[in-house]
Amino acid sequence: MDLSLLAFANAIYYILPAYFANAAPTVFRGKKPIDFNRNFIDGKPIFGAHKTIRGFVSGIIVGLIVTIIQKIISLPTAGTSLTIGLLLTLGALIGDLTGAFIKRRLNIAPGAPLPPLDQLDFVVGAFLFASIIMSPKIETVIFIVIITPFLHVLTNILAFLLKIKDKPW
């Protein structure tokens, strides 16, 4: 297992489409909930009002833009293909929706924190979707699972300070 600085940089480079896809809905917001305000069989919202069609679509677009930029830059050691980038992007967004679904079942309000689910749901989704084509290296998974909660907290605080988010979590 390679625990070098290069392996760390490759791990970050690999997951960038998922990171940006996950952040995009916060920036681009939306009004129309992706669950159309419908409730699940338990009577609770499926995802909640914070998960919007515009947010989901913006996540896809931003994730694909990041993937295309990666292909233009074309770092030979990272090896992110357009297909992997798309899978990371979709996986991140579906993983985040899955986290919202779980939170609604636990009666946790939209926007309320539930660590570590909030920090890792999108990463788990990204890894699972990308694994359809090619599983990430174990050191990539380890680096990302360790660093993502810290990055997630820092970016949420920054978004709050920039008035992009209403709460710092």
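The values are calculated or read from the model by the stated rules, or taken from the named source; none is laboratory data. As the structure is a prediction and not an experimental result, all values here were calculated from the model. Positions of Cβ are backbone-derived with ideal geometry, glycine not excepted, and every protein chain shown enters the neighbour counts.
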Take region 136-155 and flag every residue that is in a helix (DSSP H, G or I) and more than 19 Å from ALA23 (Cα to Cα).
-> ILE138, GLU139, THR140, VAL141, ILE142, PHE143
Within the bounds of region 67-83, is there any residue that is among the charged types (D, E, K, R) and out of contact with any strand residue (DSSP E or B) (no Cβ under 8 Å at 6 or more places or on another chain)?
-> yes
When only residues in region 93-113 that are aliphatic (A, V, I, L, M) and surrounded by 15 or more Cβ atoms within 10 Å (Cβ to Cβ) count, which is farthest from LEU5 (Cα to Cα)?
-> ILE108
Quick one: which residue in ALA92, ALA112, ALA159 is under 23 Å from GLY30 (Cβ atoms), assigned to a loop (DSSP other than H, G, I, E, B) and among the aliphatic types (A, V, I, L, M)?
-> ALA112
Can you name the residue in region 67-92 that is crowded, with 21+ Cβ neighbours inside 10 Å and over 30 Å from LYS44 (Cα atoms) and is also modelled with the lowest pLDDT among such residues?
-> THR80
Considering (1) touching a His at 6+ places or on another chain (Cβ under 9 Å); (2) part of a helix (DSSP H, G or I), say which one VAL62 fails and leave the rest.
-> (1)
Out of the residues in region 1-29 that are assigned to a loop (DSSP other than H, G, I, E, B) and over 20 Å from LYS103 (Cα atoms), state the one that is modelled with the highest pLDDT.
-> SER4
Given (1) in a loop (DSSP other than H, G, I, E, B); (2) touching a Phe, Trp or Tyr at 6+ places or on another chain (Cβ under 6 Å); (3) β-branched (Val, Ile, Thr), number of the condition ILE164 does not satisfy = (2)
